[in-house]
Amino acid sequence: MGAETLPIGTKSQKVAMDKFVIEGGSMLYGTVRISGAKNSALPAMAAALLTNDDVHLGRVPCLADVGTMVELLEKMGVRTDGYEGGRRPAEGGGSFSKSITINASGINTHEAPYELVRTMRASVLVLGPLVARYGSARVSIPGGCAIGSRPIDLHLKGLTALGARVSMDHGYIDVTAQRLKGAKIAFDTVTVTGTENLIMAASLAQGTTVIRNAAREPEVASLADQLVRMGAKIHGAGADTVTIDGVDRLHGCAVDIIPDRIEAGTYMIAAAAAGGEVEIADCKPGHVRALLARMQEAGIDYTETGDSVVVKREKTARIKSLNVKTMPYPDFPTDLQAQLMVLMTQGDDTSVITETIFENRFMHVPELRRMGADIKTEGNVAIVKGGTRLMGAQIMATDLRASASLVIAGLISDGTTEVSRIYHLDRGYEFMENKLSGIGAKLKRTRT
Ligand code: EPZ
């Protein structure tokens, strides 16, 4: 099999040190089709552990992280059909999503091994379903990652409140329970996967669970929708208090993954930065309200329909500098912070960007500085000077969303930019090179 036809998400795909080579300066015109959301597909796949029936998922994006979740489920003896990973579409940026059928009736181990959890901390999403359905789970403690230590203490505190026993054993967490019992839980910090784990666990608990200070992300609400289709009794998902009346069993379902709001926001910012006219199609404008509000504030012209946003900007049009603080949904998402920062290097004044969710999410700043950006950081605050001319350079991706910001910087820089280690991008952006070149970016993937 030629290198170019390697399926996305296989180990060999990650090993190859691919890079993007980008010629800056092109304006962008055309349509980008948004794929299914990574952060919705992962909990949706984990939820299949809650039943012995088939769970059919449509619009699953072809991403490395989805490949890792497939690998994890199959290692447990769970059958997954239909996801042979993506094949690069010949040309163009059409979404090439796959559907997948998962059946957990053959499960033979309840362990999430270190090498997979280390690769993708979202593997922790199997914790809640395993304990609820089988009474036991053994999950490697996810180490930190580039953006922060990312503990799972709130997940474990919630499961303990439901009656589970938690112990540590050589870098693994062992969680056991006879039958989980409904409880009142209040999260000290809003946690997306923590909320998702607890909603899945409570779905099969005895009695009622109330979760306060729950995450309100659309991915949480879409997981709850799926669980309700599987027979769960859940009210309030998407708001900060969720009530779950446990049931004895759940059955299969067929659902489509919701559009990826972070992918959509990334392309909206790319179009605003590069200039031109781009339709971001198959998305949910309602899921990116905080970004659209900031774009309006920055004086960037956009129009929206029920499932698309068109961003239009003359190359010379002014971009107003903004002060933005990342917060839990529905406020400005941390996953778009790095991308917005690149746009603000083109602002008409100075911008202040405050990252409140993760302790180390400015890894893109040193790389942007190498391209001429004038950004000072003091703790979790970045002071971004506008009006800076970016120059192409050899730069290195460090984490998923930082990589996307480096690609946007390459699009608007003078000259050639080489972004190495783009396996970070392959974790969360489906065929980005096809989608960007499909709207006129001069960008190609090369293999070193
Ligand atoms: C989810 O991560 C997303 N991942 C992240 O997207 C996203 O950045 C993050 O939510 C915030 O929106 C998935 O959904 C798979 P958290 P998650 O628990 O759930 C602290 C991407 O780019 N915390 O909401 O791991 C934590 O350290 C990824 O797609 C605890 O202290 O994030 C952080 O500071 C990156 N204890 C804050 O809460 C816990 O037990 C929010 O984390 C859990 C979290």
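Stretched out fully, how many nm does the piece from LYS184 to ASN360 gain, at 0.36 nm a residue minus the Cα gap? Mind dumping the intermediate values first?
Numbers: separation 176, 0.36 × 176 = 63.36 nm, distance 3.20 nm.
Stretched fully, the LYS184-ASN360 segment lengthens by 60.2 nm.
So what's the gap between the Cα centers of region 365-397 and region 402-448, to the nearest angstrom?
Computed from Cα coordinates, the inter-centre distance equals 17 Å.
Two decimals is fine: what is log10 I(q)/I(0) at q = 0.07, 0.11 Å⁻¹ for the chain, from a Debye sum with one equal scatterer on every Cα and no solvent?
Calculated log10 I(q)/I(0) at the listed q: -0.33, -0.83.
How much of the DSSP beta bridge set in region 277-377 is antiparallel, as a percent to the nearest 5?
Working: 9 of 12 bridges.
Of all bridge pairs located within region 277-377, approximately 75 percent are antiparallel.
So what is the accessible area of region 394-448 per residue, in Å², with the probe set to 1.4 Å? Don't jump to the answer; show the numbers that get you there.
Working: 1580 Å² over 55 residues.
For region 394-448, the solvent-accessible area averages 29 Å² per residue.
Among GLU433, GLU304, GLU277, which one moves the most in a GNM of the chain with springs linking Cα atoms closer than 10 Å?
GLU304
For region 195-335, evaluate the Debye formula with one uniform point scatterer on each Cα (no solvent term) and list log10 I(q)/I(0) at q = 0.13, 0.14, 0.19 Å⁻¹, rounded to two decimals.
-0.66, -0.72, -1.03
Any chance you could tell me what percent of the C-alpha pair distances in region 290-448 go past 21 Å? Provide the component values of the computation, followed by the final result.
Details: 5726 of 12561 pairs.
Distances greater than 21 Å cover 46 percent of the Cα pairs.
In the chain, what percent of the accessible surface is made up of carbon and sulfur (1.4 Å probe, ligands and nucleic acids excluded)?
Details: 8300 of 16390 Å².
C and S fraction of accessible area: 51 percent.
Compute the distance in nm between two label points, each set 7 Å from the Cα along the Cα-to-Cβ direction, one at GLU297 and one at THR109.
Each label point is offset 7 Å from its Cα along the Cβ direction, giving 4.9 nm.
Order TYR83, TYR302, most accessible first, counting only protein heavy atoms with a 1.4 angstrom probe. All intermediate terms of the calculation are to be shown ahead of the outcome.
Details: TYR83 25, TYR302 45 Å².
Heavy-atom accessible area, descending, gives TYR302, TYR83.
Would you mind checking region 139-154 for residues with the amide N under 16 Å from a putative spin-label position 7 Å along Cα→C-beta of THR176?
Counting backbone N atoms under 16 Å from the label point, the list is 139.
Using a 10 Å cut-off on Cβ atoms, rank the peptides 336-345, 306-315 from the highest mean neighbour count down. Numbers along the way, then the final one.
Working: 336-345: 27.5, 306-315: 17.0.
Top of the packing list down: 336-345, 306-315.
Let me test this: with uniform point scatterers at the alpha carbons of region 167-229, what is the Debye-based log₁₀ I(q)/I(0) at q = 0.14, 0.25 1/Å?
Values returned for q = 0.14, 0.25 Å⁻¹ are -0.47, -1.13.
Choose one answer from GLY252, GLY25, GLY148: the residue with the largest mean-square fluctuation in a GNM of the chain with alpha-carbon springs under 10 Å.
GLY148
Regarding region 122-235, what are the three Cα extents along the principal axes, ordered largest first, in Å?
36, 32, 23
Please work out the C-alpha center-to-center distance from region 277-327 to region 209-248 and express it in whole Å.
Spelled out, the Cα-based centre of one part sits 30 Å from the other.
For the chain, modelled as a GNM with alpha-carbon contacts under 10 angstrom, which of THR398, THR305, THR80 fluctuates the most?
THR305
What does the charge count around GLU418 come to, taking other residues whose C-beta lies under 15 Å from its C-beta (Lys +1, Arg +1, Asp -1, Glu -1)?
Working: positive: LYS19, ARG370, ARG421, LYS442, LYS444, ARG445, ARG447; negative: ASP18, GLU23, GLU367, ASP414, GLU433.
Its environment carries a net charge of +2.
Mean residue ellipticity at 222 nm from the helices of the chain, using -39,500 (n - 2.57) per DSSP H segment of n ≥ 4 over the full residue count, to the nearest 500 deg cm²/dmol? Walk me through the numbers before you get to the answer.
Values: 15 runs with 133 residues, N = 448.
Value at 222 nm, helices only, nearest 500: -8500 deg cm²/dmol.
Could you work out the relative contact order of the chain, using alpha carbon pairs under 8 angstrom and six or more residues apart, expressed as a whole percent? Don't skip to the answer; put the middle values down first.
Working: 1137 pairs, mean separation 98.1, N = 448.
Answer for the chain is 22 percent.
If you plug each phi of region 284-293 into the Karplus form 6.51 cos²θ - 1.76 cosθ + 1.60 with θ = phi - 60°, what whole-Hz ³J(HN,Hα) values come out, in order, with x for Gly and Pro?
So the Karplus estimates, Gly and Pro as x, are 10, x, x, 8, 10, 4, 5, 5, 4, 5 Hz.
The values are calculated or read from the model by the stated rules, or taken from the named source; none is laboratory data. Since we're looking at a predicted model, the values are computed, not measured. Positions of Cβ are generated from backbone atoms using ideal geometry, with glycine treated the same way; all protein chains shown enter the neighbour counts. Ligands, DNA and RNA are stripped out before the accessible areas are found, and what is left, the full protein with its side chains, is counted by its heavy atoms. Shrake-Rupley method; radii C 1.70, N 1.55, O 1.52, S 1.80 Å.
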